[in-house]
Amino acid sequence: MMETDFKQIKDMQRIDELTNTLSLQRKIDLDRRWKSVHGEIIRKRRRRRVLLFLRNAAAILFIPLLVAGGLYVRFLENKTAHAPVEQITVTAAHGQISKIVLPDLSEVWLNSGSSLAYPQRFTGDRRTVRITGEAYFSVKADPKRRFDVQTDEGPTVSAFGTEFNINAYPADSVIKVTLAKGLVEVANARPGNPVTLRPGEQLAFSKTDRTVACTDVNLYVETAWREGKLVFRRTGMTEIIKQLSRRFNVDIELKGNDLYKYEYSATFTVESIQEILSLLEKSAPVRCTIIEPEQNRDFAYSKRTVIIRQKKNN
């Protein structure tokens, strides 16, 4: 084939390709495509205008809303500050030890049959609570607000952050304040200035003659009750039966004058009242009898009673 013929064939192929391309382009609806693209541009412009308007409107409204919100918060704070504060009273059931966390995060352990009254929130420069019975306090430190513990018929214990024990059962004639850590002041215990205690020291306040005595004590013996323990170190029978009565909610009677002279040293943790009495019989010349509760005429049951008698010499 001649070179001239080959060139003519190539030119005809090129013309055919261009003809096909032109035919495809004529099939495209340019006017409709332009309208579609134009409409999309218009929609995007409108969307941008709406977003810009909303942003400007939010910026304009933010300041008055911020002011109104601040005023509302202040209104709620003032309303809360002047609203009556609800008083809460918690009582530990007999045989139980309860732990309470106060609004300032101070912690309180309540011994069996004890009650603690405190406000739902502390206001002002005082954190005041009232105890009936026995409680161990771990006071959250706050140098700007004094923590006051009031007792019935007795002194007020004050601190800013410390740990101490108060034994103030109504049936007892003596109120005891024992300091474990830090510093406390005991007011209304004697005329004049408050009494300041140091760790390991105990103040005993007599309800009858309102006298005060301060002595060093064994902290473990005085505060082991919050761990569920009964600890006696050369303790007389009067104190022993008092603690057993409260722990197990029983009435205990001593039969025999010599029983009041006995002293015991022991530590009880999980023992029942029966087990403790059995150990008592093995270590002393006594015999213990348990009288089970009886139903009264009003269908209520009496307390369990324990009678401790001195054994007669053979």
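What follows is calculated from the coordinates using simple rules that are stated; it is not laboratory data. All values reported here derive from a predicted model rather than from experimental measurement. Quick reminder, even Gly has a Cβ in these numbers, built from the backbone with ideal geometry, and neighbours come from all protein chains shown.
Is the shape of segment 223-314 best called rounded, prolate or oblate, per the rule: a/c under 1.5 gives rounded, else a/b larger than b/c gives prolate, else oblate, with a ≥ b ≥ c the square roots of the Cα gyration tensor eigenvalues? Oblate, since a/c reaches 1.5 and b/c is not below a/b. Here each label is just a point 7 Å from Cα along the line to Cβ, and for THR267 and ALA93 those points are 2.8 nm apart. Could you compute the FRET efficiency for GLU292 and ALA171, with r as their C-beta to C-beta distance and R0 at 25 Å, rounded to 0.05? Approximately 0.55, to the nearest 0.05. Principal axis extents of the C-alpha atoms in segment 80-215 (largest first, rounded to whole Å): 43, 36, 25. Note on GLN310 and ARG198: their simple-model spin labels are 4.2 nm apart, each label 7 Å out from Cα toward Cβ.
Across segment 159-213, C-alpha contacts under 8 Å between residues 6 or more apart give a mean separation that, scaled by the residue count, equals a relative contact order of 31 percent. Pairs from the table (LYS144/LYS207; LYS229/LYS282; LYS207/LYS311; LYS181/LYS207) lying more than 29 angstrom apart at Cα are LYS144/LYS207; LYS207/LYS311.
For THR162, nonlocal amide neighbours, meaning residues 5 or more places apart or on other chains whose placed amide H falls under 5 Å from its own, are VAL139. Here the calculated FRET efficiency for GLU153 and ARG233, from their Cβ-Cβ distance with R0 = 22 Å, stands at 0.20, rounded to the nearest 0.05.
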